Amino acid sequence: MPNPKRRHSKSRTRQRRAHDALKTPQFYLDKDSGEPKVPHRVDAKTGIYKGRQIIDVKESE
């Protein structure tokens, strides 16, 4: 495995690590229920995606 010939400076290391920060998850507020939802995902409670019924969800009591 190749090894570095020279030591990387602190500046160079920190510039690389500047991109490692965690991003905040994207979400939107549902028009009907007002709950936060993840975009481009089927709603687990209703089974609806883009206004269409995709999966049948069993009613839990």
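Shape of the chain from the C-alpha gyration tensor: prolate (a/c of 1.5 or more and a/b above b/c, with a ≥ b ≥ c the square roots of its eigenvalues). A full extension of the chain between Arg17 and Arg52 corresponds to an added length of 8.4 nm, given 0.36 nm per residue minus the alpha carbon distance. When only Cα pairs below 8 angstrom with a gap of at least 6 residues are kept, the chain shows a relative contact order of 15 percent. Using θ = phi - 60° in the Karplus curve 6.51 cos²θ - 1.76 cosθ + 1.60, the 3J(HN,Hα) couplings for the stretch 23-28 round to 8, 6, x, 7, 7, 9 Hz; x is entered for Gly and Pro.
Only the coordinates and a few stated rules stand behind these numbers; no lab work does. For clarity, every value in this text was computed on a predicted model and none was experimentally measured.
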